[in-house]
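Would you mind keeping the following structure in view while I ask a few things?
The values are calculated or read from the model by the stated rules, or taken from the named source; none is laboratory data. Source: prediction; values computed, not measured. Neighbour counts are summed over all protein chains in view; Cβ atoms, including those assigned to glycine, are modelled from backbone coordinates with ideal geometry.
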Amino acid sequence: MSVDLEHYLIVGAILFSIGLYLTVAKRNFVGVLMGIEMMFNAVNLTFIAFSRFAESDQPLAGHVFVVFVITVAAAEAATALALAVMVYRTRDTVNVDEIDLLKW
Amino acid sequence: MTIKSEPFVVNIGPQHPSTHGVFRLRLTLDGEKIIDADMVMGYLHRSMEKLAEERTYTQNIPFTDRTDYLAAMTGNLAYVMAVEKLMRVEVPERALWLRTIMAELQRIASHAMAVGIFANDCGAWQTPVMHMFRDREKILDLFEMACGARLTLNYMRIGGVSKDIPPEWMPQARKLLKDLPKRFEEYEDLLLNNEIIIARSRGIGTLTPEQATSYSVSGPMLRASGVAWDVRKADPYGAYDKVDFDIAVGRHGDVYDRFVVRVAEMRQSLRILEQALDMIPEGPVHARLGTATVQPWGQPVAPLAYRPPVGEAYARIESPRGELGYYIVSDGSPAPFRFHIRSPSFINLSPLKLMSVGMTVADAIVILGSVDIVVGEVDR
Amino acid sequence: MDDAGTIIAFYVLAGMTIGSALGVVVVRNLIHAVIALIGTFAGLAGLFVTLSADFIAITQILIYIGAISILFLFAIVLTPQSGRNNQETFLRFPALALSGLVLAVLVYVAVDTKWNVTEQDGFAETAGTIGELLLDKYVLPFEIASVLLLVAVLGSIVLVRPEPAEED
Amino acid sequence: MFLLKGEWYDLRDLGNTVGGLLDDLRDIGAPDWTIYVTSSLIGAVGILLWTVLSCLAFIWIERRVVALMQNRKGPNRVGPAGLLQPVADALKLLLKEAVTPRSADRVIFWAGPVLIFIPALVVFAVIPFAPKMTLADLNVGVLFLIAIAGINTPAVFLAGWASNNKYSMLGAMRTIAMLISYEIVQVLALLGPVLFVSSMRMGDVVAWQDHFNTWIFFIQPVGLLAFIIAGAVETNRSPMDISEAESEIVAGYHTEYGGIKFGFFYQAEYLAGFAIAASIVTLYMGGYTLWGLEDYVPAWLIFLGKLYTVFFVYIWTRGTLPRLRIDQLMAFAWKFLLPLMLINALVVGAEVLIWRENDIDATPALLAIGAVNLVFGAILVAGWARFLGHGTGKQRGQRAILTQEVGAVHFTPEPAP
């Protein structure tokens, strides 16, 4: 018994689909964002797993990508949550199915 | 487009470390900013004014200890002055001087407490209070020598004081007067120039002279707003017209100025005390009332029940917190018909909302500390 | 990667990660969901350690647990009247189907592909090499990322800034 | 004494003893993981014991020292000189009823103290107490310190939120704002040592300072100052104890906690203080080395001595200074410390670059760097303070106006800020 690339990829895949489900199905905007972050994380796991296991002349490039992904995720979270607060202040709700006016 | 934010009501008190008793402040906050402040009082109401109508004039003196329990001497003083006015009693010279000395000692003790607690409200972890307590303890020792009590003194009597000071009192008082200036210098260095205290208190809770006078604020709070008003000067009582002292006045009327004024007043009190200890004459300490006289160390023969003539009297003094007045109406019976206290703590508290709206929670605490209330006097 | 320690660690951490991720889905209170999400992040950090990516693991803790979860908590607290529930919309079953499909495809790909696996051991040290790569080969993305962060900071400030009081 | 070097009974480094035990284990043929688990367990239990004992000792020391500063006696009844007071307090906390407010979120309310406690304890894993006394000398040790401190933030928030108390909520919000701001300052301050050493391994930092016979404190005075201030914020020490400001919001985020749950918060606060002191000692003050003395005296004693000295400074400030307001503290972080630390990082980078590129001898280079950084730091601090309006008279204390004239008005409106 050993732990191989496939194990990590499967964990990543499960995480990704849970994130996808959250993103599509959740009503609260914050819940949706949690799903997006989870998908980012799944991708990171995959990157790191490949970086560790895959044959490459520059194995740490995957890590560098993950650094960028984390950066983007942080920026995305900050902006999106600011948006959430903003929408809440104007419309008193952050439920995505009630924010359907395409304007405020 | 308007941005909605949820107002957030916080109750500071009745049980809270820095309400100086059981006082409740209901703050409506927007984030940390105060948008409304409500004062809820009465948790310490003991119905003193009504109770006093059932007791004789002498029996009422202990009540006056228990209104402003940090300055019992001045409470006593204002009350007995009102009764003396009603009875038209001439108080002996030595008693007047003793009253002045005791009142000034009490002022130092009370201001020391106020300054220390103010630093505590600014967030110092008990250190200034404990240092101030050291000096206050020395003064309380003097009180204990003079009348046997430390907090609720019950020292003044209608027509004088309860007993003369013992002979060893004077040397100890002089020693204290020699020590205190050094300590005050130390405190002024540590506190007046403390950058954090300045940052926390300057420009906070400002009262203009107009606002202060229209709210009838008095005492250090009024003087901090720049109005040189002191009952000791404006309407001298005791022996204040015979001593030389200055009125300490602030510049901007903010919390820092109140603090500065208190510190300066402690110095002025020392100045008064130094003169008074030299100038105090010998003689009786109690006026001749009816047939009985109180002997300093003899049998207490003062009558417990006086029957002042029908009439009314108001006497005011400068207590450490401001103008303390007693209004007494007599119907000729041994008990007052009406007994009213103009308590400076209560009146000084009224502009609290004016001062704290627009400030933060931390500022509200500092402002409340700078008013220097004693809840016993607010609620009576 | 076949010593007992790594295998146990992998299964424990993977279980923690996926379990907390499912927790995010199931839990009805949003704040609890954030806690579950923190569990996911922590489990992932552990998985990164088993992959000898220590720098990334620490970064994961620093950024995700220390910062992004806080952002979530703040967003929840700053929107108090919108309800703290974590319900699904009417899209629940379509979403379930979609994510199930994606999961199936991904797992099929992961298992079925013949990956070009190396026999190397884990990295001894990653932080230094990542740093060199960032400032050498990937310096342009690095700079762009910093600009992106700056824009994000400015954007969020502008978004939540109260309007200047209108003078009338 | 040197003959003992490295033997298992060489108590100058307790790591030797553990190493000997592990060798014995290996000799009797135990599998690898047992050795791994044994050493981890010994380290973890050792750190736990040490922290608990230190906490108890320092509760007593802090109370006595502050009492001395305040003309009091402090605890002096339980045991000789009150030494058993912390034990009695701990017992009291243990025996108290664990109250959970009815409207609190039960799960998170219980999880809060534990979540606070974990990061405070885990930090010690990377601290080198002596050459062989590091539980895990990670090659990203410095980053680990910051990351673990960052876990504190959600824990504090959850504790404050779960209590469902307004003081707790205010305290939690304040804490988060402070922690996040000062985390940035902390990271930038730590760039200094990391740039000099060019490694994030704590052991390397100590070895570098030992090798060049200097403390990073001497070549990074401003960085150390910023780190100490940020550390005070992180550990809620006065004058930055805003999040549990007793006179304002009672006890901040742990207002509703009583009994042993409060005990956890209390101890976590001390642990965080020790952790900050330990990082300061390791990163800025030479760790367990003391210019050769560590060969004669147990290195961990030197380390603990330095740690307690640094911690004492925090006690000292607590007994001395009042508290800042939250906006002032945030302004201090963003307007003063952050630009300062950015410039500092730039300067250190330039210095290291010049040093490395030109192959300058270490002694003159370090002397020059130290002098430059000291002078530059002083100018920077003074200049930036001046730039922000300090020293223009607003911060100066004033005395009251003295007058004899009754009824006069001496009011000047406050100049607008």
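Looking at D:THR282, D:THR309, which is the one that is of a type in the set (Val, Ile, Thr), assigned to a helix (DSSP H, G or I) and buried (at least 23 other Cβ atoms within 10 Å of the Cβ)?
Only one candidate qualifies: D:THR282.
Is it true that A:ALA25 is among the hydrophobic types (A, V, I, L, M, F, W, C) and either within 24 Å of C:ASP136 (Cβ to Cβ) or more than 8 Å from chain C (Cβ to nearest Cβ) (or both)?
No; evaluated as a whole, the condition is false for this residue.
Does A:ALA13 meet the test of being within 7 Å of chain C (Cβ to nearest Cβ), closer than 17 Å to C:SER69 by Cα, without any contact (Cβ under 8 Å) to a residue 40 or more places away in the chain and aliphatic (A, V, I, L, M)?
Against the criterion (within 7 Å of chain C (Cβ to nearest Cβ), closer than 17 Å to C:SER69 by Cα, without any contact (Cβ under 8 Å) to a residue 40 or more places away in the chain and aliphatic (A, V, I, L, M)), A:ALA13 does not qualify.
A follow-up question, please. Does C:ILE65 qualify as being within 13 Å of chain D (Cβ to nearest Cβ) and in contact with a Phe, Trp or Tyr (Cβ under 7 Å, 6 or more places away or on another chain)?
yes
Residues of the stretch C:96-141 being polar (S, T, N, Q) and either modelled with pLDDT of 85 or more or surrounded by 15 or more Cβ atoms within 10 Å (Cβ to Cβ) (or both), which ones?
The answer is C:SER99, C:THR126, C:THR129.
Exactly one condition in (1) modelled with pLDDT under 85; (2) in a helix (DSSP H, G or I); (3) closer than 30 Å to D:GLY171 by Cβ is not met by B:GLY358; state its number.
(2)
If you check A:VAL64 against the conditions, is it facing another protein chain (nearest Cβ under 8 Å), part of a helix (DSSP H, G or I) and more than 16 Å from the chain's Cα centre (by Cα)?
Yes, satisfied.
Residues of the stretch C:127-158 being facing chain A (nearest Cβ under 7 Å) and over 30 Å from A:THR79 (Cα atoms), which ones?
Matches in the stretch C:127-158: C:THR129 only.
Shifting gears a bit: Does the stretch B:313-358 hold any residues that are over 24 Å from the mean Cα position of the chain (by Cα) and not hydrophobic (A, V, I, L, M, F, W, C), and which are they?
B:SER330, B:ASP331, B:GLY332, B:SER333, B:PRO334, B:GLY358 - these are the residues of the stretch B:313-358 that are over 24 Å from the mean Cα position of the chain (by Cα) and not hydrophobic (A, V, I, L, M, F, W, C).
Specify the residue that is farthest from B:ALA82 (Cα to Cα); the eligible residues are those in the stretch B:142-181 that are surrounded by 13 or more Cβ atoms within 10 Å (Cβ to Cβ) and small (Gly, Ala, Ser).
Applying the filter and picking the extreme gives B:ALA173.
Now for a different question. Only one of B:PRO336, B:PRO308 is touching a strand residue (DSSP E or B) at 6+ places or on another chain (Cβ under 6 Å), crowded, with 17+ Cβ neighbours inside 10 Å, farther than 30 Å from B:VAL115 by Cβ and at pLDDT below 85; which?
Going through B:PRO336, B:PRO308 in turn, the sole match is B:PRO308.
Still on this structure, please answer the following. Any idea which of (1) in contact with a Phe, Trp or Tyr (Cβ under 6 Å, 6 or more places away or on another chain); (2) in contact (Cβ under 8 Å) with a residue 60 or more places away in the chain is the one D:VAL206 doesn't satisfy?
Going through (1) in contact with a Phe, Trp or Tyr (Cβ under 6 Å, 6 or more places away or on another chain); (2) in contact (Cβ under 8 Å) with a residue 60 or more places away in the chain one by one, D:VAL206 breaks only (1).
Can you name every residue in the stretch C:24-47 that is more than 7 Å from chain A (Cβ to nearest Cβ) and farther than 24 Å from A:GLU6 by Cα?
Listed by number, the residues that qualify are C:VAL26, C:VAL27, C:ARG28, C:ASN29, C:ILE31, C:HIS32, C:VAL34, C:ILE35, C:ALA36, C:ILE38.
Please go through the stretch D:287-309 and give me each residue that is among the polar types (S, T, N, Q) and more than 19 Å from D:PHE212 (Cα to Cα), ordered by number.
The one that is among the polar types (S, T, N, Q) and more than 19 Å from D:PHE212 (Cα to Cα): D:THR309.
Determine, yes or no, whether A:ALA54 is of a type outside the set (Val, Ile, Thr) and over 21 Å from C:LEU62 (Cα atoms).
Yes.
Only one of (1) within 14 Å of chain B (Cβ to nearest Cβ); (2) under 22 Å from D:THR363 (Cβ atoms) fails for D:TRP215. Which number is that?
Just one mismatch for D:TRP215, condition (1).
Looking at the structure I just gave you, is B:ASP363 within 14 Å of chain D (Cβ to nearest Cβ) and not hydrophobic (A, V, I, L, M, F, W, C)?
Yes; evaluated as a whole, the condition is true for this residue.
Also, I was wondering about something else. Inspect the stretch C:98-111 for any residue being in a loop (DSSP other than H, G, I, E, B), out of contact with any Leu (no Cβ under 6 Å at 6 or more places or on another chain) and among the hydroxyl-bearing types (Ser, Thr, Tyr) and give the result as yes or no.
no
Looking only at the stretch B:97-133, count every residue that is at the interface with chain D (Cβ under 7 Å from one of its Cβ atoms), assigned to a helix (DSSP H, G or I) and either within 19 Å of B:THR19 (Cβ to Cβ) or small (Gly, Ala, Ser) (or both) and tell me the total.
3
Among the residues of the stretch A:34-43, which ones are more than 7 Å from every other protein chain (Cβ to nearest Cβ) and of a type outside the set (Gly, Ala, Ser)?
A:ILE36, A:MET39, A:PHE40, A:VAL43
If you go through the stretch B:8-31 one residue at a time, how many are in contact with a strand residue (DSSP E or B) (Cβ under 7 Å, 6 or more places away or on another chain), within 12 Å of chain D (Cβ to nearest Cβ) and at pLDDT 75 or above?
Of the residues in the stretch B:8-31, 10 are in contact with a strand residue (DSSP E or B) (Cβ under 7 Å, 6 or more places away or on another chain), within 12 Å of chain D (Cβ to nearest Cβ) and at pLDDT 75 or above.
Does C:ILE56 meet the test of being modelled with pLDDT of 85 or more, within 14 Å of chain D (Cβ to nearest Cβ), in a helix (DSSP H, G or I) and within 25 Å of D:MET178 (Cα to Cα)?
No, not satisfied.
Among the numbered conditions (1) closer than 24 Å to C:LEU71 by Cα; (2) more than 7 Å from every other protein chain (Cβ to nearest Cβ), tell me where A:ASP57 comes up short.
Result: A:ASP57 fails condition (1) only.
Over 30 Å from D:VAL87 (Cα atoms) and within 14 Å of chain B (Cβ to nearest Cβ) - does that describe any residue in the stretch D:335-349?
yes
In addition: I want to confirm something. Restricting to the stretch B:176-229 and keeping residues that are among the basic types (Lys, Arg) and not in a loop (DSSP other than H, G, I, E, B), which single residue is nearest to the other protein chains (Cβ to nearest Cβ)?
My answer is B:ARG200.
Right, something else. Checking B:TYR57 against (1) buried (at least 22 other Cβ atoms within 10 Å of the Cβ); (2) at pLDDT 85 or above; (3) more than 24 Å from B:VAL22 (Cα to Cα), which test does it fail?
(2)
Residue check: is C:SER69 modelled with pLDDT of 80 or more, polar (S, T, N, Q) and more than 27 Å from A:TYR88 (Cα to Cα)?
no
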